[in-house]
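Right, one structure below, let's go through it.
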Number of protein chains: 2
Amino acid sequence: MPDYTLYYWPIPFRGHFVRYVLAHVGAEWEEPGAEALLALKDATPADQPYPFMAPPLLHDLRADRWLSQMPAIVMYLGRKHGLAGDPDEALRLVSDAADILLEITRHHGDQMWDRPAWEAFTDTRLPRWMPLHEALAARGRFDAEKPGLAELTLAALWHTMVDRLPGLRPLLSANAPRVETLVDAVAALPGIATMRAGWDRQGAGYCGGQIEASLRAMLAGGD
Amino acid sequence: MPDYTLYYWPIPFRGHFVRYVLAHVGAEWEEPGAEALLALKDATPADQPYPFMAPPLLHDLRADRWLSQMPAIVMYLGRKHGLAGDPDEALRLVSDAADILLEITRHHGDQMWDRPAWEAFTDTRLPRWMPLHEALAARGRFDAEKPGLAELTLAALWHTMVDRLPGLRPLLSANAPRVETLVDAVAALPGIATMRAGWDRQGAGYCGGQIEASLRAMLAGGD
């Protein structure tokens, strides 16, 4: 029996925050895929094993404990596996990440990207977010040798972004070189590298959907 | 000296999640207002006392500890003041609340409301969110007599919404009657009621800005 069942779409995005932790601690987990997820998600709240709105949803099989919401899942796993470190700073970074994922998908694809909005995002917003984390790194808050939730979260955020959307890597190099070094090191840790290689073999994208196509069109120079 | 300085806009919205906890535990806090907040927010990350993107920002004056991001602030205060209860379920509700606040403001006012979007929100999204919390209430997860972070968070979310936007109360009554009873009881607790009365005297709105005007136009029956 695996340790956990993770219900999420077959994409990196929010799922990787959970997968980075699971892979790093050497947990065994299964991902039953979109059909099983939709059956749970579309049930009435009273019929759901644990009422939840949207994935990721985690079932800790040994504890028979269900968790909804990426921040709650990550903080639970961090505490359980001794990775929480400073839990308030970890949760702050998880919350930053959640904000950034909403910005890069224009709030779950509510709007598609156009050139002016993309320029505002890449000229103003990302060059503000990245130095915030760089300033924390400059204050010595992170340790790639002994990664906890803070480092794993930064890697799931920034490495996944520049790995899946390589056109954004120069922005990270320019605005947050310490963070870039840190997240590359975390992403290369054995358990995490193996997990990522599986996604590479599947040719997985980033956030999926029309909004990923819109992102890629911007990076390719479209309107 | 107060216990805390809370940097936030002079509106309920995300600030009330912090204020509900502070008021309930009887903490003393000051809110220096928008000008002091902007001076911190607009500083370069290296010059900020603690690098952060957006309020709320909390300074625990006795511990000289800075916290950014509403979920991190609330979880810190909950742990410090013995209110965390089940921290994973509390954080799940805090995360739900953050999602709902983004939905009701269309992601920080990225778009204004129009009638079709408003109908989708009030016919589909809110009538999904509310029964999720009702289903948790039906499973006996909450206790208005001994409120912890979970109950305080639900009240800061749903009571604030239907108190500031009374046109939405019938939706809460219809979709989450147990939650309505719970949050009315929590909002009436002495420390919280006193805090809220101060905001009532100021005639404070809900989320502020053009998006609040857009919300109120929808509730008044506009296009």
Between A:LEU38 and the same site in the other copies, what are the distances in nm, shortest first, taking label points 7 Å from Cα along the C-beta direction? 4.9
Sort B:SER173, B:SER214, B:SER95 by Cβ crowding within 10 Å, fewest neighbours at the top. B:SER173, B:SER214, B:SER95
Under 22 Å from the Cα of B:LYS146, which lysines turn up, not counting those fewer than eight places away in the same chain? B:LYS80
Based on C-alpha coordinates, I'd like the Rg and Dmax of the protein assembly as shown, in Å. 21.2, 61
In nm, one decimal, shortest first: how far is the label point of A:THR124 (7 Å from Cα along Cα to beta carbon) from the matching points in the other copies? 3.0
Largest fluctuation, A:GLU103, A:GLU119, A:GLU89 only, Gaussian network model of chain A with Cα springs under 10 angstrom, belongs to A:GLU119
Place a +1 charge on the Cβ of each Lys and Arg in chain A and a -1 charge on the Cβ of each Asp and Glu, then give the dipole magnitude about the Cα centre in debye, rounded to the nearest 20. 260
With a point put 7 Å past each Cα toward its Cβ, work out how far B:HIS81 is from B:ALA120 in nm, to one decimal. 3.8
What is the minimum Cβ-to-axis distance for chain A, in whole Å, where the axis maps A onto B, and to which residue does it belong? A:HIS107, 2
Would you give the gap between the C-alpha center of region A:117-186 and the C-alpha center of region B:25-73, rounded to a whole Å? 22
Dmax and Rg, reported as Rg then Dmax, of chain A (C-alpha, Å): 17.2, 50
Sorted largest first, the Cα spans of region A:4-80 on the principal axes come out in Å as 34, 25, 19
Relative contact order for chain B: what percent, with Cα pairs under 8 Å and sequence separation of 6 or more? 25
Percent antiparallel among DSSP beta bridges with both residues in the protein assembly as shown, to the nearest 5? 80
Region A:103-173: trypsin sites (Lys or Arg not before Pro) falling in loop per DSSP and having at most 13 other Cβ within 10 Å: A:ARG139
Inter-copy separations for A:GLY208, label at 7 Å along Cα-Cβ, nm, ascending: 3.6
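Just so you know, all these numbers are worked out from the coordinates, no wet-lab data involved. It should be emphasised that the depicted structure is a prediction, and the values quoted were computed from it without experimental measurement. We place every Cβ from the backbone using ideal geometry, glycine too, and count neighbours over all the protein chains shown.
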